[in-house]
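The values are calculated or read from the model by the stated rules, or taken from the named source; none is laboratory data. Note that the coordinates shown come from a computational prediction; the quantities given were computed from them, not determined experimentally. Every residue, glycine among them, receives a Cβ derived from its backbone with ideal geometry; neighbour counts consider all protein chains shown. The protein model used for the area step is the full one, side chains on, heavy atoms only, and it has no ligands, DNA or RNA in it. Shrake-Rupley method; radii C 1.70, N 1.55, O 1.52, S 1.80 Å.
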Amino acid sequence: MKQIQDFGDDRNKGCCVYCGGPGETRDHVPSRVLLNEPYPLELPVVPACAACNRAFSRDEAYLACLIECALTGSVESAKSRYKVGVMLTKSPALATRLAAARYERNGELGFNPEPDRVRAIVLKLARGHAAFENNEPRVDDPESVRFAPFTAMNESEREQFEIGGSSTVGLAPWPEVGSRAMSRLLTGADKGPGGWIVVQPGMYRYRVDWSGGFHVHMVIREYLAAEVVWE
Ligand SMILES: [Zn+2]
C-alpha cells in the first residue's frame, strides 16, 4: 500500500482508537492474522492501549480460522492457508471448538459462528479504519454492526453492499482536511473500483463512506462482508 501521510488534527492522533485510553502501543488495521505473508508494505497502523491490543488477538485468530474453515469446509490444518494451518495446529482447543461448530444441513456444510466474537472484531476493524482514514476515532457505540458471508446474500444485496452509499462524493460532507481520506480523494492512492481500498487482493479490502452517516464496509477473504454504521 502507499504510505499516505496524515496531516490531520493532532488532538485525534494520540488516544487508543478502540477505547479512548492511552495510545501506548501501535496496532495494525487489519490485523496481520487476516493477511498472508509477505505483508503489504506500509500497513495501516493506529494507536491502541496495551489492554485493547492484547484483548482482541484471540478473537482475531478465531475469526481468521473460522473463515478459512468455512471456505474449505474443514478444520484440517492442511486444507487451510498456511498461517491458519499453523494456528489450528498450535491451538487444538480452537480446532476442537471450530469442529463442534461444524454442521451439515441438506447436504450443505457450514460453521455456526459465535456472533459476539465476530461482532467484536468487525467493530474493532471499523474503528481502526475510521481513525486511520478519516482521523475520526469512533469509540462511541455504532448504530449498527452487520456481517454475512457473500454466499448468504442475493445479487441485489451484494450490489448494494459493493456500491452502497452515495457515489456523488461531491455532495457529501468532506473528510477532514489533511486526513488520509482527503489525500486519497485527491490522489486515488490504493483505491480500486467502487472506492474500495485493497489491502491485499483476495484477503482484505475496505471502504469508508461518510455520506449519510459514517459507514465502514469490509470484505475479509472475499467471503465475509461486514458493515458498521455510525450516524
Ligand atoms: Zn484501548
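How high is the FRET efficiency from S211 to T96, r the C-beta distance, R0 41 Å, rounded to 0.05? Rounded to the nearest 0.05, the efficiency is 0.35.
Cα gyration tensor of the range 64-105, axes a ≥ b ≥ c as square roots of the eigenvalues: rounded (a/c below 1.5), prolate (a/b > b/c) or oblate?
Numbers: a/c = 2.20, a/b = 1.31, b/c = 1.68.
Verdict is oblate for the range 64-105.
Counted over the chain, the DSSP beta bridges are approximately 100% antiparallel. Placing +1 on the Cβ of every Lys and Arg and -1 on the Cβ of every Asp and Glu, with nothing else charged, gives the chain a dipole about its Cα centre of roughly 740 debye.
Ignoring any ligand, DNA or RNA, what whole percent of the accessible area of the chain comes from carbon and sulfur when the probe is 1.4 angstrom?
Numbers: 6080 of 11580 Å².
Roughly 53 percent of what the probe reaches on the chain is carbon or sulfur.
Working ranking of peptides 90-101, 193-204 by packing, defined as the average number of other Cβ atoms within 10 Å per residue, highest first, is 193-204, 90-101.
Which whole number of Å³ per residue matches the convex hull of the alpha-carbon atoms in the chain?
Details: hull volume 28.8 nm³, N = 231.
Hull volume normalised by residue count: 125 Å³.
Rounded to the nearest 20, the size of the Cβ-charge dipole of the range 181-231 about its Cα centre is 180 debye, with Lys and Arg at +1 and Asp and Glu at -1. Please report how far the C-alpha centroid of the range 39-59 lies from that of the range 87-144, rounded to the nearest whole angstrom. Going from one Cα centre to the other spans 15 Å. Given +1 at the Cβ of Lys and Arg, -1 at the Cβ of Asp and Glu and no other charges, the dipole of the range 16-86 around its Cα centre is 100 debye to the nearest 20. Considering only alpha-carbon pairs that sit under 8 angstrom and 6 or more positions apart, the relative contact order computed for the chain is 22 percent.
Considering helices alone, the calculated mean residue ellipticity of the chain at 222 nm is -10000 deg cm²/dmol, with DSSP H runs of length four and up weighted by -39500 (n - 2.57) and normalised per residue. Considering only V75, T187, M1, and ranking their Cα positions along the charge dipole of the chain that arises from unit charges at the beta-carbon of Lys, Arg, Asp and Glu, the one farthest toward the positive end is V75. Each of A148 and R58 was given a label point 7 Å from its Cα along the Cα-to-Cβ line. The distance between the two points is 3.1 nm.
Under the 0.36 nm per residue contour assumption, what length would be gained going from the current alpha-carbon distance of Q160 and T187 to full extension?
Details: separation 27, 0.36 × 27 = 9.72 nm, distance 2.55 nm.
Here the segment from Q160 to T187 would lengthen by 7.2 nm.
Here's the picture: charge each Lys and Arg Cβ at +1 and each Asp and Glu Cβ at -1 in the range 1-116, and of L66, N53, M87 the one pushed furthest to the positive end of that dipole is M87.
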